[in-house]
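Colleague: Take this structure first; my questions come after.
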Amino acid sequence: MTDNINYSDRETIIEISQLDKIYTTGDINLKALDDVSYIIKSGELVAIMGHSGSGKSTMMNILGCLDTPTSGTYKLDKIDTSNLDDNQLAEVRNKKIGFVFQSFNLLPKLKSWENVALPLVYGGVNAKIRKERAMEALRSVGLENRANHRPNELSGGQCQRVAIARALVVKPEIIMADEPTGNLDSASEAEIIEIFKKLNREGATIIMVTHEDNVGQNCKRIIRFHDGKLIKNEVIDHEFYRDI
Ligand SMILES: Nc1ncnc2c1ncn2[C@@H]1O[C@H](COP(=O)(O)OP(=O)(O)O)[C@@H](O)[C@H]1O
Ligand SMILES: [Mg+2]
């Protein structure tokens with residue numbers, strides 16, 4: 001996909017304003033996110049970085065509509081998620097977000113294409129179309145020739161590519177990944193970074209949590225957290241943000 005739209009003309013997909021998340025355990029309150037505000041626009045490839053305990057996973061769970069903030073607002077595609085009940089949140093999540101996890105979360109007994117097709121089974125898509133769309137998603141991560149392999153017949157990097165294909169199969173607005181290279185050797189890590197960059201060039205908006213500097217340096221922008229606060233917004237791809 002050619003890409004000559006200016007950053008300022010791009011659509012805002014995520015808008016976080018003055019967001020707090022407080023965990024209460026017994027009589028102790030822990031502020032895991034503290035007055036966080038930022039936006040993410042279509043076509044971005046953003047790394048969320050910070051030390052262990054800085055609030056990255058808490059942020060990701062809220063972005064993924066798996067958890068809700070204590071205060072502040074989160075708008076996803078202009079929808080204010082604080083007004084939604086659990087069923088509506090699940091619907092937004094299933095329609096708009098593809099998730100990739102550190103531990104792949106593939107079902108060991110299913111072939112690659114069957115793992116990829118699973119979200120469509122839950123979505124009620126018919127069997128023939130499920131297989132076609134699964135194969136299409138596997139093709140986009142370069143794994144159509146492993147469609148009939150099971151996870152134990154694949155390398156870690158290949159398993160993660162199957163998991164990325166599974167995230168893509170519902171054609172989500174945005175892909176979210178929490179430490180997607182955390183369980184991989186450096187060759188597989190490079191393979192996964194390349195896949196995310198390719199999908200991003202083709203138009204996907206991607207947010208990934210990572211604590212690896214070289215993963216962050218391959219993104220367009222890094223958002224850094226420390227003790228629940230957003231402490232730094234760091235542009236890596238100056239060409240992408242040239243008009244702001
Ligand atoms: N469910 C929870 N209950 C209580 N405290 C939590 C919970 N989840 C995370 N925390 C705390 O919130 C802070 C941020 O955690 P987390 O978002 O997991 O950080 P990171 O992903 O950056 O390592 C940490 O101090 C952590 O101990
Ligand atoms: Mg974490």
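Colleague: At Thr73 and Ala90, where each label point lies 7 Å from the Cα along Cα→Cβ, what is the point-to-point distance in nanometres?
Modeller: 2.7
Colleague: How large is the dipole of the chain about the Cα centre if only Lys and Arg carry +1 and Asp and Glu carry -1, each at its Cβ, rounded to the nearest 20 debye?
Modeller: Dipole of the chain, to the nearest 20 debye: 840 debye.
Colleague: What nm value, rounded to one decimal, do you get for the distance between Asn4 and Tyr122 when each label is placed 7 Å out toward the C-beta?
Modeller: 4.1
Colleague: Still on this model: Provide the descending list of Cα extents for the range 16-153 along its principal axes, expressed in whole angstroms.
Modeller: 51, 32, 30
Colleague: Along the charge dipole of the chain, Cβ charges K/R +1 and D/E -1, which of Thr58, Val92, Ile39 sits furthest on the positive end?
Modeller: Farthest towards the positive pole: Val92.
Colleague: Please give me the summed charge of the neighbours of Lys78: other residues whose Cβ is under 11 Å from its Cβ, Lys and Arg +1, Asp and Glu -1.
Modeller: Computed value for this residue: -3.
Colleague: Right, something else. Along its principal axes, what span do the Cα atoms of the range 64-127 show, with the longest given first and each in whole Å?
Modeller: 42, 28, 17
Colleague: Over the chain, with a Gaussian network built from C-alpha contacts below 10 Å, which listed residue (Ile164, Ile129, Ile28) shows the highest mean-square fluctuation?
Modeller: Ile28
Colleague: When the helix-only estimate is applied to the chain (DSSP H runs of n ≥ 4, each -39,500 (n - 2.57), divided by the residue count), what is the mean residue ellipticity at 222 nm, nearest 500 deg cm²/dmol?
Modeller: -9500 deg cm²/dmol
Colleague: Another question, then. Send over the Kirkwood Rh of the range 145-195, from the inverse of the averaged 1/r over different Cα pairs, rounded to one decimal Å.
Modeller: When all Cα pairs of the range 145-195 are included, the Kirkwood radius is 11.7 Å.
Colleague: Same structure, new question: Can you pull the semi-axes for the chain, root of five times each eigenvalue of the Cα gyration tensor, sorted largest first, whole Å?
Modeller: In descending order, the three semi-axes are 29, 21, 19 Å.
Colleague: Moving on to the next point. Give me the three principal axis extents of the range 123-244 from the C-alpha atoms, as integers in angstrom, largest value leading.
Modeller: Dimensions of the range 123-244 along the principal axes of its Cα atoms: 47, 31, 27 Å.
Colleague: Also, I was wondering about something else. Express as a percent, rounded to the nearest 5, the fraction of DSSP beta bridges in the chain (both residues included) that run antiparallel.
Modeller: Counting DSSP beta bridges with both partners in the chain, the antiparallel share is about 55 percent.
Colleague: Same structure, new question: Between their Cα atoms, which of Lys41/Lys220; Lys21/Lys95; Lys31/Lys96; Lys78/Lys198 are more than 18 Å away from each other?
Modeller: Distance filter (> 18 Å) returns Lys21/Lys95; Lys31/Lys96; Lys78/Lys198.
Colleague: Here is a follow-up. Between the range 24-39 and the range 43-58, what is the C-alpha centre distance in whole Å?
Modeller: Measuring centre to centre over Cα atoms gives 15 Å.
Colleague: Ok, one more. Once the Cβ-Cβ distance between Asn61 and Gln217 is put in as r, and R0 is 25 Å, what FRET efficiency do you end up with, to the nearest 0.05?
Modeller: 0.50
Only the coordinates and a few stated rules stand behind these numbers; no lab work does. Since the structure is predicted, the reported quantities are computational estimates derived from the model, not experimental observations. Neighbour counts are summed over all protein chains in view; Cβ atoms, including those assigned to glycine, are modelled from backbone coordinates with ideal geometry.
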